[in-house]
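This report refers to the structure that appears directly beneath it.
The values are calculated or read from the model by the stated rules, or taken from the named source; none is laboratory data. Treat the numbers as computed from the prediction; the structure is a model and nothing was measured. Heads up, the Cβs are rebuilt from the backbone with ideal geometry, glycines too, and the neighbour counts pull from every protein chain shown.
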Amino acid sequence: MKFGVSTFVTDDGIGPAPLGRALEERGFDALFLAEHTHIPVSRETPWPGGAELPRKYYRTYDPFVALTAAATVTERLTVATGIALIVQRDPIVLAKEVASLDHVSNGRAVLGVGAGWNREEMRNHGTDPRTRMRLLRERVLALKELWTKDEAEFHGEFVDFDPVFSYPKPVQDPHPPVLLGGSGPTTFDRVVEFGDGWMPIYGRGTEDLPNQIAELRERAGRRLPVTLFAVPPKPEVVAEIEAAGADQVLFDLPTQPEDETLRTLDKLAELF
């Protein structure tokens, strides 16, 4: 079982470089960073986590800039998005960003993706919320073409480009893993078709985790890795997740100043 944290790195919390260094010094395996390009003033879309949207959602760093900073001061730490809102990102630019991070980190990049929840945010990027799942699929498939083909091309409903040269290619062969978030009725369809692993939020549709993981791997015909987000820092919960067949747990790290963050990490490290 691997242990990591998922968090929001912002302009009023610990910086990404000291955070990455602190995680590696304490034996953590991974840093997963959240993303929001912006938050529309309109609060039309309800936040799934409750009534009031926390301050950290408004203030996130760009995840690839932050992960690059963390990668340059670490040697073993996985640097990952959790999640990148790729329905709001140009796939050609994103392919270069992820491949560049994979080079800077010497093969430690992971791309966790999802379709997002904030409909106003999507619309500001020209994305129709009603078709975001189809768009998500095409952008992941386009990324893999750009990463693995010398002359990559893609022709879909939403993504369409003739042969292009796109470099650098990732360090990892064939490419950094793409982990799909979610736990809805069609999530496994997407993971099996174009994902490299499943990354649900603990407690949101994961009540039957052993059977879900077994079903996913049976459908895929291979042992797809499973990472659990927002896992309570309790040994009995971690043991339950490990027994279910998951590979990695991510503890939710509050966005706090450096001193407070280091104390929180010390407590987590003592437990695990």
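Consider Thr255 carefully, then state whether it is over 21 Å from Ser183 (Cβ atoms) and among the polar types (S, T, N, Q). Walk me through it before giving the result.
Numbers: over 21 Å from Ser183 (Cβ atoms): yes; among the polar types (S, T, N, Q): yes.
Criteria met by Thr255.
Of the residues making up region 161-172, not a single one is among the β-branched types (Val, Ile, Thr), in contact with a Pro (Cβ under 9 Å, 6 or more places away or on another chain) and farther than 14 Å from Glu97 by Cβ. Checking each residue in region 17-52 for being in contact with a Phe, Trp or Tyr (Cβ under 7 Å, 6 or more places away or on another chain) and at pLDDT below 95 picks out Thr45, Pro48.
When the residues of region 119-132 are filtered to those that are in contact (Cβ under 8 Å) with a residue 24 or more places away in the chain, in a helix (DSSP H, G or I) and of a type outside the set (Val, Ile, Thr), the one that is surrounded by the fewest Cβ atoms within 10 Å (Cβ to Cβ) is Asn124.
Contact map, region 1-28: first residue more than 16 Å from Thr72 (Cα to Cα), second residue basic (Lys, Arg) and crowded, with 16+ Cβ neighbours inside 10 Å, Cβ cut-off under 6 Å, separation 6 or more or different chains; pairs are Phe8/Lys56; Thr10/Lys56; Thr10/Arg59; Asp11/Arg59. If Leu136 satisfies all but one of (1) part of a helix (DSSP H, G or I); (2) surrounded by fewer than 23 Cβ atoms within 10 Å (Cβ to Cβ), what's the number of the condition it fails? Status for Leu136: all satisfied but (2).
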